[in-house]
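The values are calculated or read from the model by the stated rules, or taken from the named source; none is laboratory data. For clarity, every value in this text was computed on a predicted model and none was experimentally measured. Positions of Cβ are backbone-derived with ideal geometry, glycine not excepted, and every protein chain shown enters the neighbour counts.
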Ligand code: PMP
């Protein structure tokens, strides 16, 4: 009997014993093509020698030096790398251990910034329905899935939620994408006005929605309008790129494609590429200066922040991405994967949408391709496809059957950036096998 507490208490999981490039291998020798990089984590695949060596070397030099006493070379170099490429006025990097912690830190930093500026009444956070920002108390409160929040509501801080920008589904007949983008952004302004602008601290959103909607990009102009609205009312813009950042969409930062710069940016998953748990929060010079010139102390810190081995992994990851020109490869392979998905499933009666950017692609599974009528959530079709794909030796990431009262089944694909074209073919073939088994 296993004494490990699994998330799904009754699941019987195979034991992962090896990893080679785009494949994971279990103790029975079965190979799984990692079509989702776990959950958009393993951007360099498994067994990358450069990252492994960098981690081992750092571990031997110094594995841990508490950030209350020391900084470290990899932390300094990784921060320099990120800031040199970060959009807008992002100027400082606060390293944490993962995505939830990056979001948690961002919310706390926003609040502290408002306090240091003498605006204590700014306490409201606006997020979007059908969003996921993590599983700690603050990040969970920001998330827009009612079913995730509900059991914990009595102990969650209250946050406010508006509709996401989900173009194809809510687009009115005859409305252009731009007009829809403006209308979706308008919901933010209305919510700010409803709450009272002087009470609003921050708006948080994912540039490309991953974990709840399966790679939904915003309508053209949406984020530009959001940025303008935030500026108009002195509201901080926090972009959560925990899943979509670090090259996954074919841009180092996903918001680069939208031409907007946030005040605070959260990254994680692809930063450590699975080799170490690491996340980061980047903030603007204005925010850092307000804290530095004010109390001089950011009231957030965990024992493992800025860990030398974790930042060594992150540094080796970005060096790999750069030296192998992997972001260009993401664009090219993303195009190949998308075309192959369109060829295989473009006319499938149960595929309502194939979407995304770079190697961050989603399939929406529906009851009717034309009307986009969702499938019965009780059927848990996405979970069934995941199981059938796993059986066939493919890892893909399902999104739950019901999202905040609106129904939807999605499959997220986010393979390693190093995926070969032949492996793209294998991925689509195996997904097709799984789809035929579940939706014949
Ligand atoms: N934000 C987003 C957009 C995510 O996708 C996730 C993880 N799926 C998180 C935050 C939380 O990250 P972590 O699981 O590393 O805590």
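A search for C-beta distances below 6 Å between a residue of the range 257-280 that is touching a residue at least 60 places away in the same chain (Cβ under 8 Å) and within 17 Å of residue 205 (Cβ to Cβ) and any residue that is assigned to a loop (DSSP other than H, G, I, E, B) and more than 14 Å from the ligand (Cβ to nearest atom), counting only pairs 6+ apart in sequence or on different chains, returns 257/251; 261/87; 261/88. The listed residues are 300, 307, and the only one of them that is over 16 Å from residue 41 (Cα atoms), in contact with a helix residue (DSSP H, G or I) (Cβ under 9 Å, 6 or more places away or on another chain), in the same structural domain as residue 214 (by TED's automatic domain parsing) and modelled with pLDDT under 95 turns out to be 300. There is no residue in the range 43-64 that is more than 16 Å from the ligand (Cβ to nearest atom), under 24 Å from residue 237 (Cβ atoms), in contact with a helix residue (DSSP H, G or I) (Cβ under 8 Å, 6 or more places away or on another chain) and outside any loop (DSSP other than H, G, I, E, B). Listed by first and then second residue, the pairs with beta-carbon distance under 8 Å, at least 6 apart or on different chains, first residue in the range 92-115 and farther than 21 Å from residue 294 by Cβ, second away from the ligand (no atom under 15 Å from the Cβ) and part of a helix (DSSP H, G or I), are 95/75; 95/78; 95/79; 95/311. Out of 210, 174, 214, one residue alone is closer than 21 Å to residue 352 by Cα, at pLDDT below 95 and surrounded by fewer than 15 Cβ atoms within 10 Å (Cβ to Cβ). It is 174. When we screen 215, 179 for residues that are without any contact (Cβ under 8 Å) to a residue 40 or more places away in the chain, out of contact with any helix residue (DSSP H, G or I) (no Cβ under 7 Å at 6 or more places or on another chain) and assigned by TED's automatic domain parsing to the domain that holds residue 145, the only hit is 179.
Pick out the one residue from 85, 129, 92, 122 that is more than 16 Å from the ligand (Cβ to nearest atom), in the same structural domain as residue 201 (by TED's automatic domain parsing) and closer than 26 Å to residue 184 by Cα.
Unique residue meeting the criteria: 122.
Collect the residues in the range 375-385 that are without any contact (Cβ under 8 Å) to a residue 40 or more places away in the chain and part of a helix (DSSP H, G or I), keeping them in residue-number order. Residues satisfying the conditions are 377, 378, 379, 382, 383. Listed by position, the helices (runs of 4 or more DSSP H) enclosed by the range 128-208 that each have at least 3 residues that are closer than 18 Å to residue 260 by Cα are 177-195. Considered as a group, the residues in the range 281-290 that are in contact (Cβ under 8 Å) with a residue 60 or more places away in the chain and in contact with a strand residue (DSSP E or B) (Cβ under 9 Å, 6 or more places away or on another chain) include one that is nearest to the ligand (Cβ to nearest atom), and that residue is 281.
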